[in-house]
Amino acid sequence: MTLYLFWDIDGTLLTTARAGIFALEEASEEVLGERIDMRTLRTAGLTDAEIARELCASRGVRGPAAVGALLAAYERLLPERLGWRDGRVLPNVRENLDALAARDDVVSMLLTGNIAGGAEAKLRHYGLWDHFADTGGAFSVEGSDRPSIARRARELAAEHGGDVPPGERMVVIGDTPHDVSCGKAIGARTVAVATGPGYGLDELRACAPDVVLQELPGPEELMTLLGLPGA
């Protein structure tokens with residue numbers, strides 16, 4: 001039976017070294033008339049739509065039109081800003097994605113708070129997009145929260161396999177308690193990695209994921225943790 005892996009992006013697969021934050025700050029200046037310093041906000045685990053909504057609300061601007069305009073500006077600015085920063089793919093990510101792609105019993109999809117265009121821009125920039133180009137995933141849209149994005153990911157897995165996979169055949173991999181909670185919302189197993197900037201091992205353990213890791217291990221160990229045969 002197929003195992004569906006739902007991957008978060010920022011802090012799990014890669015770090016943009018705040019390129020996304022800079023693009024959002026520039027977008028806020030363009031749309032709201034003021035460059036907002038996002039160092040005052042804890043954005044780890046928030047969706048792009050939630051961040052845009054908070055930025056607009058902080059300046060007394062509400063409604064989907066402003067949020068949509070801010071996200072559109074961010075999506076336009078992001079690809080160039082990625083090249084301005086010294087981001088990187090996180091340890092063992094590329095090796096694991098390559099090894100998992102070679103198996104016919106694993107499907108990797110995205111489950112991310114990024115908007116679709118932002119997710120693709122980041123993954124293309126760091127050479128990871130090919131691992132998700134065919135399977136896609138579930139992304140942030142205005143009005144969505146993490147659990148609704150997770151439910152969309154489960155629907156995509158059901159479309160792929162012809163039926164909703166049981167919980168033990170779905171694994172959410174992320175670096176924040178938000179990722180863990182959305183995995184639990186769909187009955188999936190959860191793997192929390194402390195490779196993001198927002199949460200350490202103790203904070204991740206407190207939200208009771210199935211597995212907590214300092215970073216992703218190598219392919220053989222990860223496959224063993226996932227219960228894959230032949231690992």
Subject >> Options L24, L55, L14: the member that is surrounded by 14 or more Cβ atoms within 10 Å (Cβ to Cβ), touching a helix residue (DSSP H, G or I) at 6+ places or on another chain (Cβ under 8 Å) and modelled with pLDDT of 95 or more >> reply: L14
Original post:
In the range 13-32, how many residues are under 13 Å from Y126 (Cβ atoms), outside any strand (DSSP E or B) and in contact with a Leu (Cβ under 7 Å, 6 or more places away or on another chain)?
Top reply: 4
Subject >> Given (1) under 16 Å from the mean Cα position of the chain (by Cα); (2) at pLDDT 95 or above, number of the condition L71 does not satisfy >> reply: (1)
**OP:** Scan the range 110-124 for residues that are surrounded by fewer than 21 Cβ atoms within 10 Å (Cβ to Cβ) and of a type outside the set (D, E, K, R) and report the count.
**Re:** 2
Original post:
Hey, any hits in the range 41-51 for a residue that's at positive phi and of a type outside the set (G, A, S)?
Top reply: no
Subject >> Only listed residue being in a helix (DSSP H, G or I), basic (K, R) and under 22 Å from T16 (Cα atoms), chosen from R39, R35 >> reply: R39
**OP:** Would you be able to tell me the number of residues in the range 161-196 that are at pLDDT below 95 and over 20 Å from L110 (Cβ atoms)?
**Re:** 2
Subject >> Total residues in the range 154-174, condition crowded, with 22+ Cβ neighbours inside 10 Å and in contact with a helix residue (DSSP H, G or I) (Cβ under 8 Å, 6 or more places away or on another chain) >> reply: 5
Subject >> Residue ranges of helices (runs of 4 or more DSSP H) in the range 121-231 with at least 2 members within 13 Å of the chain's Cα centre (by Cα) >> reply: 146-161, 177-185
**OP:** Kindly indicate the residue of the range 175-226 that is small (G, A, S) and touching a strand residue (DSSP E or B) at 6+ places or on another chain (Cβ under 8 Å) and also surrounded by the fewest Cβ atoms within 10 Å (Cβ to Cβ) among those meeting that condition.
**Re:** G187
Original post:
What pairs can you find where one residue is in the range 82-110 and at pLDDT 95 or above and outside any loop (DSSP other than H, G, I, E, B), the other is among the polar types (S, T, N, Q) and surrounded by fewer than 17 Cβ atoms within 10 Å (Cβ to Cβ), and their Cβ atoms are less than 9 Å apart, with a gap of 6+ or different chains?
Top reply: V106/T2; V107/T2; V107/T135; S108/T135; M109/T135; L110/T135
Subject >> Residue count for the range 138-192, restricted to those that are closer than 13 Å to C207 by Cβ and in contact (Cβ under 8 Å) with a residue 24 or more places away in the chain >> reply: 14
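The values are calculated or read from the model by the stated rules, or taken from the named source; none is laboratory data. Everything quoted here is computed from the prediction, not taken from an experiment. Glycine also receives a Cβ, built like all others from the backbone with ideal geometry; neighbour counts cover every protein chain displayed.
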